[in-house]
Every structure is written in C-alpha cells, then in structure tokens.
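K.L.:
Take this structure first; my questions come after.
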Amino acid sequence: MDMLEARIAALFQNSPLVRARDFVQAGIPMIVISRAVAAGKIKRLARGVYCRADYRQNENGDLALVARRAPDAIICLLSALSYHGITTQLPFEVWIAIPHKAWTPKLEYPSLRIVRYSGDVYAFGTMVAMIEGVPVRLTTIEKTIADCFKFRNKIGLDVALEALREAKAKGKLDRDELWACAKADRVANVLLPYLEALS
C-alpha cells in the first residue's frame, strides 16, 4: 500500500462516507480518487460523496448521506418520525428543514423534500445523532410532532395524530417539551385538544 492509499484508508476509518473536499484537504488529488473508483477500490455514492467498496448502507444511511452533503440541513417531519420509530410511514424522500433564505441543497440521490423555517424556529428542538459515523442534525421527537401539526396540510393530520399516539404509547413523549415546541411552532391551540384527549 502506497502513501496515498494509506491516507485514503485513514479517511475511511473515521467515517464510511467521505466527501471530495476531505480528500483534497488530506492532500489526495482527485485523479487518484477517480482511479480508485475505476479500479473498484471505492464507490461514488453521490456527487462529492464516496464510500469503501464493501460499504453496506443501514436503514438510516440516506440521512447520513444528506448530512454529509448538506451539513446545515436538519432532518425533520416524516424522515425524523421514521428515525424515532413513531410512524408506520416509509418516506421515499428525505425531509429536511433549512433556514428561510438559505441555499437549496441539490443532490442526485437521495431525493429531498424541503421545508423552510424562519427565525429561531429553525434550530429549536434539535439534536445530533451519530449515524454511520456521521453527525446528523434532526428534530427531537417533540419538535417532530409539533412540526407535523404545523405542516399537517403537507403530510396529513392522520400522520401527526399517529406520531402523537405512538410516542405516548412507547413512553417517548415529554409533554412539557412538546408544549414548548408547539408554542414555538405556533400550533399550541391546534395541538391542545388532541393532547387532552390522550390524557
């Protein structure tokens, strides 16, 4: 193994997904990466994102891939519900939140569904999860449920109600935090009757 191959291997020890800019910062020319792809040593997953040839993506791998390509995006709504295990929906797109006037990420894969937030609501109720060695920003269970009520016209009220019931049934719901998120999203009055019905 030559020095460049050793540097490539070192990058993949930190994370199974490596960006083109990570190679450049490590002093590895892109022509070397192109040759490694052609030789079948590494794979190009999406524009600017590479993985080892033996990489097998887990069920949340798309979230890690999006986080690598758009680190400021926050995984939300159906994708966050699925991650938290409080829905029967299987989203075929990755739902992300970005600030109101932010640049729109463009990915060949996976498909994105984008919602925009303004002000402090964007970062309110978020967490970071390590998925496949990649830090992924996503909404908490409570913020995800509040967002579902906020965007009920996009995803359906039935999805929001299912998430609320599932979170409560699985003991994953902090009512005070949910109420704070509902107030931040300005849907407290919408959520209140459903929350009272669960009591």
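FYI, it's all coordinate maths here, none of it is from the lab. From a predicted model like this one, the values you see are computed outputs, not experimental measurements. Here the Cβ is made from the backbone with ideal geometry for all residues, glycine too, and neighbour counts use every protein chain on show.
K.L.:
Relative contact order (percent) for the range 69-199, with alpha-carbon contacts under 8 angstrom and 6 or more residues of separation?
P.N.:
Once normalised by length, the contact order is 24 percent.
K.L.:
At a Förster distance of 25 Å, what's the computed FRET efficiency of residue 13 paired with residue 108, Cβ-Cβ distance as r, to 0.05?
P.N.:
0.40
K.L.:
While we're looking at this one, here's another question. If contacts are Cα pairs under 8 angstrom and at least 6 residues apart, what is the relative contact order of the range 3-52 in percent?
P.N.:
39 percent
K.L.:
Can you list the residues, at least 5 places off or on another chain, whose amide H is less than 5 Å from the amide H of residue 126, using H built in the peptide plane?
P.N.:
When sequence neighbours closer than 5 places are left aside, the close amide H contacts are 140.
K.L.:
So how far, in whole Å, is the C-alpha centre of the range 93-107 from the one of the range 1-38?
P.N.:
28 Å
K.L.:
Going by how many other beta carbons lie within 10 Å of each one, how would you line up 103, 95, 179, fewest first?
P.N.:
In increasing order of surrounding Cβ atoms, one gets 103, 179, 95.
K.L.:
For every helix of n ≥ 4 consecutive DSSP H residues, a contribution of -39,500 (n - 2.57) applies; sum these over the chain, divide by its total residues, and give [θ] at 222 nm rounded to the nearest 500 deg cm²/dmol.
P.N.:
About -13000 deg cm²/dmol.
K.L.:
Answer rounded, prolate or oblate for the range 3-52, using the Cα gyration tensor with square roots of eigenvalues a ≥ b ≥ c: rounded when a/c is under 1.5, else prolate when a/b is larger than b/c, else oblate.
P.N.:
Because its axes are fairly even, with a/c under 1.5, the range 3-52 counts as rounded.
K.L.:
5 Å is the cut-off here: which amide hydrogens, built 1.01 Å from N in the peptide plane, fall below it relative to residue 75, excluding neighbours closer than 5 in sequence?
P.N.:
Placed amide hydrogens put 97, 137, 138, 139 under 5 Å from residue 75.
K.L.:
Do you know the relative contact order of the range 1-117, to the nearest whole percent, from alpha carbon pairs under 8 angstrom that are 6+ apart?
P.N.:
Relative contact order for the range 1-117 comes out at 19 percent.
K.L.:
If you don't mind, there's one more thing I want to ask. In what sequence do 168, 43, 106 fall when counting other Cβ within 10 Å, fewest first?
P.N.:
In increasing order of surrounding Cβ atoms, one gets 106, 43, 168.
K.L.:
If you fit an axis through the alpha-carbon atoms of helix 175-184 and take the longest principal axis of the Cα set of the chain, what angle between them do you get, 0 to 90°, nearest 10?
P.N.:
It is inclined by approximately 80 degrees.
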